[in-house]
1. What number, in percent, do you get for the relative contact order of the stretch 288-556 if the mean sequence gap of Cα pairs under 8 Å and at least 6 apart is divided by its residue count?
2. Counting other beta carbons within 10 Å of each Cβ, put 444, 185, 528 in order, fewest first.
3. Distance in nm between label sites at residue 576 and residue 239, each 7 Å beyond Cα in the beta-carbon direction?
4. What list do you get for 153, 148 if you sort them by fewest beta carbons within 10 Å?
5. What distance in nm separates the two pseudo spin-label positions at residue 332 and residue 271, each 7 Å out from Cα along the beta-carbon direction?
6. Given labels modelled 7 Å from the Cα in the Cβ direction, how far is it in nm from residue 284 to residue 496?
7. Which value, to two decimals, describes the C-alpha radius of gyration of the stretch 288-556 once divided by 2.2 N^0.38 Å?
8. Specify whether the C-alpha gyration tensor of the stretch 290-376 places it in the rounded, prolate or oblate class, a ≥ b ≥ c being the square roots of the eigenvalues: rounded for a/c under 1.5, otherwise prolate if a/b is larger than b/c and oblate if not.
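Each reported figure results from applying straightforward, stated rules to the coordinates on display, with no laboratory input. The shown structure was predicted, so the numbers you read here are calculated from the model rather than taken from an experiment. Please note: Cβ atoms are built from the backbone with ideal geometry, for glycine as well, and neighbour counts cover all protein chains shown.
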Amino acid sequence: MECGRAAPSARQVTLENEFEIAGRLSGLFDRRQYADSLCYEYPFAVASSLPLSTMSPFTFVLVFLLAVLDVAWAVGNVPHILQDHVRRQVLQNAANGIPASTNGSTIVSISLAKDLQTYYALLSVGNISFRVGLDTASSDLWLFSSNCASSACKSSPKYPLSYDSPSFVSVNGNATTFNVSYADTSMASGFIAMERVNFTNLSLSNQAFGLMNSSNITFVDQVSGIMGLSFARLSTINSLASNAAPFFTQLAQQGKLDYPLIGVSLPRNTSTTGSLALGAVDSSVVTNVTNIVWNQVVPFRPFGSESNTSSYLQWAIHLSNISVGTSIITPQPTYPQPNANASIALLDVGTAGIYGPYQDVSRIFSAIDSSRLVDSSTGTWAIPCDTNETMSFTFGGYNFTLLPSDYLIGPVSADPTICLSWPRALPPSSDGIDWQLGSTFLRTVYSIFSYGITSKELPMIGLYPLTPANATALPEASLSSLFSSLSLTVATALPNSLVAAPIYSTPSYIFNTSVPTSVLATNLATSTYAPLFSAMDAAAAGEGSGKFNFSALPQATPSPTQTTLVLTDKSGMVYTTTSVAATPNAVLGEPYGWTSGAGAVRTSITAIALASGLVCLLQWSGMSL
């Protein structure tokens with residue numbers, strides 16, 4: 001039923017039309033199915049256009065059934081009696097709080113945790129839903145297990161080891177130890193197992209992941225672990241177990257995606273959502289694919305114990321220049337000789353902020369009036385909050401611009417006219433990655449991580465600017481209001497004297513410099529994919545140039561966030577109301593209908609009543625269960 005179309009008369013509803021209605025009503029499970037006018041019809045709207053007195057028993061029961069399922073979908077509590085009789089995999093996804101998707105690609109919502117540190121998305125492991133923090137600087141998936149007794153994991157939902165999941169596969173009797181650590185000294189340890197992992201319709205059986213029994217990593221908002229999205233070479237699990245490649249790697253190598261890429265749109269605050277697209281880009285954000293700036297991913301030489309060839313390790317690209325206002329700064333790489341005098345920047349969704357080498361960061365703040373180093377241990381600078389200087393990072397010949405509202409951390413409590421600022425300076429890193437661009441930068445772009453195709457196409461990163469290159473800073477009053485609304489004041493006092501510049505020693509370069517760095521296309525996505533680029537060489541495929549088949553880039557549309565409800569009463573009067581679309585409410589860390597104590601099925605009084613009512617209606621209509 002399209003918006004504004006007149007309701008059918010009573011006698012127009014034949015049995016054939018009833019089946020047509022059933023087909024249309026089944027669209028309630030696909031939240032992306034809506035008209036160009038964003039009209040969305042609930043089963044109640046269709047039911048209201050059919051007078052009850054003229055509705056056949058079949059239609060009445062059908063409408064009631066689908067209405068019940070719509071309510072159950074919204075509350076994440078689908079009765080078993082309905083699950084047993086409705087043969088739809090999409091319904092099971094809905095029961096887990098996961099929206100419907102098309103084959104080969106999917107879009108899930110990304111939310112920013114209240115601590116402003118973690119961007120998380122929803123996935124299912126087995127038939128259990130979890131929130132996982134997204135990380136493009138690591139490759140492994142891990143979750144807290146129910147054996148985790150550390151104080152850090154107490155408030156997070158955990159994978160229940162006492163639950164006998166039919167898709168769980170033990171690895172070496174759960175005796176293969178898995179440890180993970182991060183640059184901020186956080187860590188977790190546990191063991192490796194295998195389970196079925198789903199991102200909506202994208203599913204992998206026997207996916208290796210970590211179950212962590214101890215950790216000092218504290219999440220908020222019921223986040224339970226990390227989903228790494230980088231290359232297989234970076235995976236610890238892949239090096240410890242057989243057939244244990246990371247989730248995204250397996251999707252790409254098995255050809256399960258429309259195209260082997262990830263698209264990321266990060267929300268700017270906790271009250272909005274972004275998107276994670278697998279196999280496609282989000283067409284609601286990327287409205288003109290010709291504006292995507294493509295960059296070759298940098299290959300890294302082997303470690304001493306690895307094979308004698310270079311390969312891809314991190315989502316890292318070359319950084320050409322940095323600009324502050326009209327000042328242009330040429331980056332100075334820590335290891336100029338092995339990296340052809342090029343500075344390397346890692347794009348990391350899992351990092352909040354921007355970090356760079358002292359030799360670059362100090363020159364950035366030298367271009368901003370009244371700036372000063374206030375903490376040499378963290379490499380933090382303070383600048384006037386009313387600065388209007390823009391800051392740009394140049395990739396592929398394009399200047400990606402940050403406004404003060406992007407790079408200012410917030411005013412200090414001791415003096416609200418002074419703000420702490422990104423970037424911060426870090427000691428040299430032995431891997432030669434000088435810059436780490438986290439969410440502060442990535443919120444200003446739509447980022448596309450293309451895995452590459454074996455023998456056909458190199459890994460690439462596409463950056464789609466969301467801020468115009470000529471954008472201007474917010475007025476001071478608006479910026480102050482923004483800081484206040486987001487509670488960004490930093491509780492600290494500034495030093496009363498100048499802080500001495502830090503002195504760093506440069507560690508030894510960890511890669512084998514006797515092996516030349518070369519572009520290559522092996523161990524990437526399956527060669528059955530048709531490449532987007534016409535050639536793999538640097539001139540044709542990289543650094544922001546090259547021939548690109550724009551029409552071949554898969555695009556997907558996220559679920560609508562607004563619904564229009566159309567009601568027609570018996571007199572033919574049409575009523576229209578607009579509301580926010582229902583959001584699935586997944587039960588985190590627990591299989592549906594399972595409790596760890598007696599293993600009994602939890603069935604709500606509402607579910608029993610709805611199921612009982614359905615049985616009565618079916619009996620009244622002459623049908624039986």
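1. Values: 586 pairs, mean separation 69.6, N = 269.
26 percent.
2. Details: 444 23, 185 7, 528 10.
The order, fewest Cβ neighbours first, is 185, 528, 444.
3. 6.0
4. Numbers: 153 26, 148 23.
Neighbour counts put them in this order, fewest first: 148, 153.
5. Simple spin-label model gives 4.4 nm for this pair.
6. Reported label-point gap for residue 284 and residue 496 is 5.4 nm.
7. Numbers: Rg = 19.9 Å, N = 269, 2.2 N^0.38 = 18.4 Å.
Taking N as the residue count of the stretch 288-556, the ratio is 1.08.
8. Details: a/c = 2.09, a/b = 1.71, b/c = 1.23.
Prolate is the answer for the stretch 290-376, as a/c is 1.5 or above and a/b outweighs b/c.
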